[in-house]
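Take a look at the structure set out below.
The values are calculated or read from the model by the stated rules, or taken from the named source; none is laboratory data. Not measured: the values here are computed from a predicted model. With ideal geometry, Cβ positions are generated from the backbone for all residues, glycine too; neighbour counts draw on all protein chains shown.
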Amino acid sequence: MHCPVCRARLDANLLCRRCGCDLSLARACSQAATRKLHHALQQLWQGNPAQAGRLASEAVALDASEIVRQTAAFIIRCRDRDRLSHTASLQVGPDINRLKLP
Ligand SMILES: [Zn+2]
């Protein structure tokens with residue numbers, strides 16, 4: 001993580017060592033985003049992809065860092081894949097079980 005003001009690499013302190021910027025709010029947002037991603041992954045695992053996608057989007061709104069954006073993108077791809085497979089099974093219907101692959 002880098003300081004949003006001077007781009008110095010940050011350590012565990014709540015004040016930037018270079019410019020003295022108070023980073024407590026940024027750290028709180030980052031931690032809240034991490035909690036939302038954890039919750040989103042739980043929702044995905046429990047079969048609630050729509051809820052997972054919503055939580056992933058909220059995480060990115062709190063912290064747009066690369067790791068949060070990439071994790072949220074993964075969750076949203078999983079959500080969309082689930083929607084597509086559900087839509088495909090609705091379009092094909094129960095006859096899909098009788099299809100034989102070559
Ligand atoms: Zn700084």
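The rows are residues; the columns are (1) modelled with pLDDT under 95; (2) under 30 Å from residue 2 (Cα atoms); (3) in contact with a Gly (Cβ under 7 Å, 6 or more places away or on another chain).
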| residue | (1), (2), (3) |
| --- | --- |
| 19 | no, yes, no |
| 36 | no, yes, no |
| 46 | yes, no, no |
| 63 | yes, yes, no |
| 79 | yes, no, yes |
| 83 | yes, no, no |
| 88 | yes, no, no |
| 97 | yes, no, no |
| 100 | yes, no, no |
When residue 64 is run through (1) surrounded by 13 or more Cβ atoms within 10 Å (Cβ to Cβ); (2) away from the ligand (no atom under 16 Å from the Cβ), the failure sits at (1)
Pairs with Cβ under 8 Å, 6+ apart, first in the stretch 1-26 and without any contact (Cβ under 8 Å) to a residue 60 or more places away in the chain and of a type in the set (Asp, Glu), second more than 7 Å from the ligand (Cβ to nearest atom) and assigned to a loop (DSSP other than H, G, I, E, B):
11/17; 22/14
Is it the case that some residue within the stretch 49-59 is exposed (fewer than 14 other Cβ atoms within 10 Å of the Cβ) and more than 11 Å from the chain's Cα centre (by Cα)?
yes
Those residues that are away from the ligand (no atom under 13 Å from the Cβ) and farther than 17 Å from residue 64 by Cα, I need them from the stretch 4-38; list them, please.
12
Here the residues within the stretch 21-34 that are touching a helix residue (DSSP H, G or I) at 6+ places or on another chain (Cβ under 6 Å) and at pLDDT below 95 are 29
